[in-house]
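Values quoted throughout were computed directly from the atomic coordinates according to the rules given, and no laboratory measurement underlies them. Please read all numbers here as calculations on a predicted model, not as lab measurements. Here the Cβ is made from the backbone with ideal geometry for all residues, glycine too, and neighbour counts use every protein chain on show.
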């Protein structure tokens, strides 16, 4: 199969991008000084070195307030922007006009460059889908094809290293084998699990890109237990909690209300009961914090967990989500605000909606998650006689299920 054929193999070879928020680009076009440390990327974070090295090269950027948001999803446009800064490669084919990428779109030039250099392709009908989140497997396909890597032996032989090799799509097996052989794959928390169809995070894409730079001679190799094929000392006494396991949680309030189009609400829950292995060794003690965001999604609200914070200060990344909560609560003119917000926490949009509909402007700031002011949102609801809010009981609705394996060292 030629490289051109690989690059155009239907909508399966996707272009990817790198940003955690649609509002603020993760890649900056120019920067006076590169920030290399972030307040949500501690020194013991599994991808800290990958992130720091790329930040030092001014390839990646964080967000206002010093955050990197390592567990946010990655979009196609964002990855194109990162490739534009990271990969120095001449064009291998002519440009194309994507019907969903305006000429003044923030990543338009980066998208064109990613296409002409062979890293990315669009979907049938010249559709690029710049805001689409991307799975890990498609990032590896993009990098392997863009760098013209091919496996030196049978792909199935190489892919035996993965316990979940059967879930790698057929179109991607050759490219993933090439990426694996060239040590571009980084699997956290378990090096044997590729999780190919899982949405890629900002930290994961940083690791993949850095390894591609290492392989192409543009960066020095670093030591990590999670690089597939790199010989590293085994991590002793670690245990794996497999994907699919559920962690019960609790919260100080009886309910959480979210308004229409509520922006992601920062939320910290606590583990409600000890999680132990079959020998009774406690892996996650009750009281451990589960940090993440409560988001409005299609059909309701859902909690996305990103980190466990133990009592001793240890932080471990986690990829877990709650079920989608579909319960609602209708707020109408004339209702008592006190009754609505009794022992409740509110998103900013919910607080603004309640205040505007009921006419009561005295909602306490301590009831609003994240401490966000509601003044700028009031205008969206002024004049309405009613509004429907998403209603979540955190103690029964927000138990989280692991989307990928969690690797822990028992210390309790």
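Placing pseudo-labels 7 Å out from each Cα toward the beta carbon at residue 393 and residue 289 gives an inter-label distance of 2.7 nm. Descending by average beta-carbon neighbour count within 10 Å, the peptides 76-83, 295-302 line up as 76-83, 295-302, the highest first. Full extension of the segment from residue 324 to residue 57, taken as 0.36 nm per residue of separation minus the current Cα-Cα distance, would add 92.2 nm.
The length gained on full extension between residue 339 and residue 35, counted as 0.36 nm times the residue separation minus their Cα-Cα distance, comes to 104.8 nm.
Based on the mean of other Cβ atoms within 10 Å per residue, sort peptides 350-356, 271-277, 57-63 so the most packed one is first.
Working: 350-356: 26.6, 271-277: 15.4, 57-63: 21.4.
Packing order, densest peptide first, comes out as 350-356, 57-63, 271-277.
Site pair residue 152 and residue 261 shows an inter-label distance of 5.5 nm when each label is modelled 7 Å from Cα along Cα→Cβ. Between residue 223 and residue 197, the contour length at 0.36 nm per residue exceeds the alpha carbon distance by 6.8 nm. Within the stretch 228-347, antiparallel bridges make up roughly 90 percent of the DSSP beta bridges whose residues both belong there.
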